[in-house]
Amino acid sequence: DNGNVMVGVGGATITYVTKFNMVPTPVISEIDKITGDAYTITNQTSTGFTISFKDSTGTAVAREINWVAIGW
């Protein structure tokens, strides 16, 4: 499922349903973004990625996203 995923203050690990042959590019759409928010994607593999958000002051925050992974 890639719709309406809650990313908690500690971040979220997204796992793909099917493993990709190469590391795909995740495309993120922030549902409840506030001006100044930024996300970081880490631990990208062919099976998933980790995402976290910070607000304009650098404080970790919870946000909701939609995502899709593009690759093969």
Self-check item: Test for ALA12: is it out of contact with any Pro (no Cβ under 9 Å at 6 or more places or on another chain) and in contact (Cβ under 8 Å) with a residue 24 or more places away in the chain
Solution: yes
Self-check item: 3 or more residues in contact with a Ser or Thr (Cβ under 8 Å, 6 or more places away or on another chain) and surrounded by 11 or more Cβ atoms within 10 Å (Cβ to Cβ): qualifying strands (runs of 3 or more DSSP E) within the chain
Solution: 12-15, 38-45, 48-54, 63-70
Quiz item: Within the range 12-57, how many residues turn out to be over 11 Å from ALA69 (Cα atoms), of a type in the set (Ser, Thr, Tyr) and in contact with a strand residue (DSSP E or B) (Cβ under 9 Å, 6 or more places away or on another chain)?
Solution: 8
Practice problem: Filter the range 35-50 down to residues that are touching a residue at least 24 places away in the same chain (Cβ under 8 Å) and more than 9 Å from the chain's Cα centre (by Cα), then give me how many there are. | Solution: 5
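Read-outs throughout are calculated quantities, based only on the coordinates presented, and are distinct from any laboratory measurement. None of the values given here were measured: they were computed from a predicted structure. Counting neighbours? That spans all protein chains shown, and the Cβs are built from the backbone with ideal geometry, glycine included.
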